Structure formats: structure tokens, C-alpha cells
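**Q** Following this message is one structure expressed as C-alpha cells.
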Amino acid sequence: MDSFHFYAPTYFAFGKESEKQTGALVKRFGGTKVLLHYGGGSVKRNGVFDAVAASLRQASIPFVELGGVMPNPRSGLVYEGIELCRREQVDFILAIGGGSTIDSAKAIAVGALYDGDFWDFYTGKAELTRALPVGTVLTIAAAGSEGSPDSVITHENGMLKRAASSDEIRPKFSVLNPAFTCTLSPYQTACGITDIMVHVCERYFTNTKDVEITDRLCEGILKAMIHEAPKVIQDPNDYEARANIMWAGMVAHNNLCGVGRAQDWASHKLEHELSSLYDCAHGAGLAVMTPAWMTYVYRHDIPRFSQFAVRVFGVEMDYADPERTVLEGIERFKAFLHSIGMPLTFAELGAKESDIPKLVEVLGAGDALPIGNFVPLYAEDAAAIYRLAL
């Protein structure tokens, strides 16, 4: 196990009617005027916005609104939010929604206190050292941004999808009411579950040795998702299943499962170009790219992949032919994803083989290659993995 520092100070209010605590939590963490940031109209139709607004009013905290966050959040709205915060003298940003809204809120929080272009932090041109405080009211269990130091934004100039990371943008608090996720469609729910599982896989496939504790944490989350997913797909109002999935989303990405080990993240970077070009759901893109990545790299560490197959998917270990065990594990992963309604191929996303050169070109923009740590991948490797996903 590698040496590490781990700091995860987010305060979580979890459970039914936890949204009623929002105003008090904003006040507790120093907010006096709030930017309420959200996506489409669903948070207003389902009553979540009204409940949060009522809690802020009860705490005598004024707020301004900025809606319109899209899946794969865009830079244009971030710039708009930065200007709004400055004009209205906002000192706290509250995101109501899922990962896209939270990531957009984090970008606004960074840009509001920076004299330059917020995008500098997403291209590595500037070090992220301060931001407005951010809180979240989560409505989608998926990205884990409610507990993470990460933010992913797509810049509309070139449609580049890039990430920034710093404890400065880790939320001060997050309100998690699993009941808010009961209105999600089966497809949205499945996309979220896939994102959670791949966040774990990005940490699980490592070259670091002797990481049994975090291996077991990773395996436990993956097995829990395999157990809970069919239940919640069959009964969207299964509160207990929703609760387990919501907490898994946070634990999968606040880095508790990733400390002390090198992490990969190639599957996410390969997918980012898909969702940027085709605007597909992030989880759906991951369902296509992650098994393809596994198929391409598994020979690098057959024991680790066979451990994944045996411990997570219950494949019987074939000691005479461990490669067969690995391939069966990948097939069972694909079968699980298919069973919850996820796509497995480019065609199902509407992606085209002819676009692979463009995907690889954008992936490598700004000397971003190689990607991944488990196996460093260059342009020809990325192209081969995209072809495996056809």
C-alpha cells in the first residue's frame, strides 16, 4: 500500500425529509446569500426546489436562481453563473440535482474568485487554491460529486471535456434524501448504477500491491450494486434499495476506496469523448467503454482480473486456464449491464466507426496522452479500444 493523505470533511444529512435542514446547514457553513443552481424543470415539478427554498427562507437566507444545467455540463452556463455570483455578491453556491449540476456549481465556485478564465483550472494552467463554498441537495445517485473533490466540464469551444480536482471544491455539506431518486426512470437509474460501479473499477484495477482493505471495500460496493440494481429497476419506489445505491454513489467516489493505491481512469477519459461528441448519458457511455477497456488490457494482470471475476461475479476459478476465468468475468459484467438496460456497443449509442479518428484526436488534445495508469494508453491503443466497442 502506498502512503497517502485523505481529507474528506463533507457533512452529510441523509434520510427522509433531510432537505428541511438545508437552510440551517448553509448558515452553519457561513452562507449569507445563495446561488441556487439546478438543471431542468424536474426539481420544480417534483417539489424538491420548493422544499429547499422554504428551508432557506425559514433560515432568513436570500437566494438567486440559475437553472439550465445540461447533462455533460457546459462552459457557457458556468460563465453566466460566475457573472451572476459577482453581480449579486453571492457567497455560497447550492446545487440541487445530480453530478452535472454539482460539477457546474463547483466550476462557478472556482471562477467567481478567480481573475482569469475558470477553464485554466481544467487544463492545468492554474492551481486551484480557493473557491466559494458549495453545498448540494442530491437528486440522482451516480457521479458521487456530492462527496468528491472533482468536477468535469465540457468547454463549448472545441467540445473538450476536462476535469479539475481539489479539496477546495469538495462540498461543505450534502443533503441526501433517497426518496428524491424514486422518480428517476429505469434508464437514468441504471446509468447511475453503472457510473458508481465504474468509479470503483477505476480504483480497483491498480498496479499497487497489498491493498486488501481497499480491494474488499471495492468488491463490497460492486456486489451491493449487483444485489440492489434488479430490485430498484423492478420497483422504483423501493426506498431501502434507493438508500443503499445513494450512499454507494458517495462512497464510490469520495476516494475512501482509492487511498493508498494507484488509480487508472482510462475508461472515464475514453468515455468523456463519446459523451462530448454524441451527448450520450455518461453511465451509458461507460457501459460501452469499460468492458472494451477490460478486454484490451486484462493480460497485463490476469491475477487481478481473475480476482475480480471470482470475488465480484462468482466465477469459479480455473487454475489450469485463468484467462478463461477472466473472460467469463468480463462477460458476466457485460451481461449484468445489459440486464439493467445499458448499451454495450457504439451502435446502441448512435456512435460511428468513422468518428474514431476524431475521438482519438480530441482525447489527445493538449498532450493529454497517454491516459491511464494500469496500462498507459496512446493513440493507437485508444483507437483499438474504441474498435472493440463497435
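One line per residue, one yes/no per condition, for (1) open to solvent by 20 Å² or more (accessible area, probe 1.4 Å); (2) farther than 27 Å from Phe346 by Cα; (3) at pLDDT below 95; (4) aliphatic (A, V, I, L, M):
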residue: Arg162; (1), (2), (3), (4): yes, no, yes, no
residue: Ile169; (1), (2), (3), (4): no, yes, no, yes
residue: Ser174; (1), (2), (3), (4): no, yes, no, no
residue: Cys201; (1), (2), (3), (4): no, no, no, no
residue: Asp210; (1), (2), (3), (4): yes, yes, no, no
residue: Pro236; (1), (2), (3), (4): yes, yes, no, no
residue: Val251; (1), (2), (3), (4): yes, yes, no, yes
residue: Ala262; (1), (2), (3), (4): yes, yes, no, yes
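The rows are residues; the columns are (1) open to solvent by 50 Å² or more (accessible area, probe 1.4 Å); (2) under 30 Å from Tyr187 (Cα atoms).
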{"site": "Pro322", "(1), (2)": "no, no"}
{"site": "Gly329", "(1), (2)": "no, yes"}
{"site": "Arg332", "(1), (2)": "yes, yes"}
{"site": "Ala351", "(1), (2)": "no, yes"}
{"site": "Asp367", "(1), (2)": "yes, no"}
{"site": "Tyr378", "(1), (2)": "yes, no"}
{"site": "Arg387", "(1), (2)": "yes, yes"}
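**Q** Looking for whichever is open to solvent by 10 Å² or more (accessible area, probe 1.4 Å), in contact with a Phe, Trp or Tyr (Cβ under 9 Å, 6 or more places away or on another chain), small (Gly, Ala, Ser) and in contact (Cβ under 8 Å) with a residue 12 or more places away in the chain here; the options are Gly30, Gly39. Which one fits?
**A** On the way: Gly39 fails: in contact with a Phe, Trp or Tyr (Cβ under 9 Å, 6 or more places away or on another chain).
That would be Gly30, the only listed residue that is open to solvent by 10 Å² or more (accessible area, probe 1.4 Å), in contact with a Phe, Trp or Tyr (Cβ under 9 Å, 6 or more places away or on another chain), small (Gly, Ala, Ser) and in contact (Cβ under 8 Å) with a residue 12 or more places away in the chain.
**Q** Here's something else I'd like to know. Return the residues of region 298-354 that are more than 30 Å from Gln234 (Cβ to Cβ), among the aromatic types (Phe, Trp, Tyr) and in a helix (DSSP H, G or I); say none if nothing qualifies.
**A** Once the filter is applied, which keeps residues that are more than 30 Å from Gln234 (Cβ to Cβ), among the aromatic types (Phe, Trp, Tyr) and in a helix (DSSP H, G or I), region 298-354 yields Tyr298, Phe305.
**Q** Could we say that Arg74 is under 20 Å from Gly31 (Cα atoms), touching a residue at least 12 places away in the same chain (Cβ under 8 Å) and open to solvent by 30 Å² or more (accessible area, probe 1.4 Å) here? Reasoning before the result, please.
**A** Values: under 20 Å from Gly31 (Cα atoms): no; touching a residue at least 12 places away in the same chain (Cβ under 8 Å): yes; open to solvent by 30 Å² or more (accessible area, probe 1.4 Å): yes.
Criteria not met by Arg74.
**Q** Yes or no: Gly147 under 19 Å from Ala107 (Cβ atoms) and open to solvent by 40 Å² or more (accessible area, probe 1.4 Å)? Can you show your working first?
**A** On the way: under 19 Å from Ala107 (Cβ atoms): yes; open to solvent by 40 Å² or more (accessible area, probe 1.4 Å): no.
No; evaluated as a whole, the condition is false for this residue.
**Q** Tell me yes or no: at least one residue of region 112-131 is in contact with a strand residue (DSSP E or B) (Cβ under 8 Å, 6 or more places away or on another chain), crowded, with 21+ Cβ neighbours inside 10 Å, in contact (Cβ under 8 Å) with a residue 60 or more places away in the chain and not aromatic (Phe, Trp, Tyr).
**A** Within region 112-131 (the criterion being in contact with a strand residue (DSSP E or B) (Cβ under 8 Å, 6 or more places away or on another chain), crowded, with 21+ Cβ neighbours inside 10 Å, in contact (Cβ under 8 Å) with a residue 60 or more places away in the chain and not aromatic (Phe, Trp, Tyr)), the answer is no, since none of the residues qualifies.
**Q** Kindly establish whether Thr22 is in a loop (DSSP other than H, G, I, E, B) and either of a type in the set (Gly, Ala, Ser) or farther than 30 Å from Asn207 by Cα (or both). Outline the logic, then answer.
**A** Details: in a loop (DSSP other than H, G, I, E, B): no; either of a type in the set (Gly, Ala, Ser) or farther than 30 Å from Asn207 by Cα (or both): yes.
No.
**Q** Within 20 Å of the chain's Cα centre (by Cα) and aliphatic (A, V, I, L, M): which single residue out of Val48, Val69, Val90, Val34 fits that description?
**A** Selected residue: Val69, the only one of Val48, Val69, Val90, Val34 that is within 20 Å of the chain's Cα centre (by Cα) and aliphatic (A, V, I, L, M).
**Q** Here's something else I'd like to know. Please verify whether Tyr296 is within 22 Å of Asn72 (Cα to Cα), among the aromatic types (Phe, Trp, Tyr) and open to solvent by 40 Å² or more (accessible area, probe 1.4 Å), treating the condition exactly as stated. So that I can check it myself, show each step before the final result.
**A** Values: within 22 Å of Asn72 (Cα to Cα): no; among the aromatic types (Phe, Trp, Tyr): yes; open to solvent by 40 Å² or more (accessible area, probe 1.4 Å): yes.
Answer is no for this residue.
The values are calculated or read from the model by the stated rules, or taken from the named source; none is laboratory data. In this text the structure is predicted, and so the values were computed from the model without any measurement. We place every Cβ from the backbone using ideal geometry, glycine too, and count neighbours over all the protein chains shown. These accessible areas exclude ligands, DNA and RNA; they are computed on the full protein's heavy atoms, side chains included. Shrake-Rupley method; radii C 1.70, N 1.55, O 1.52, S 1.80 Å.
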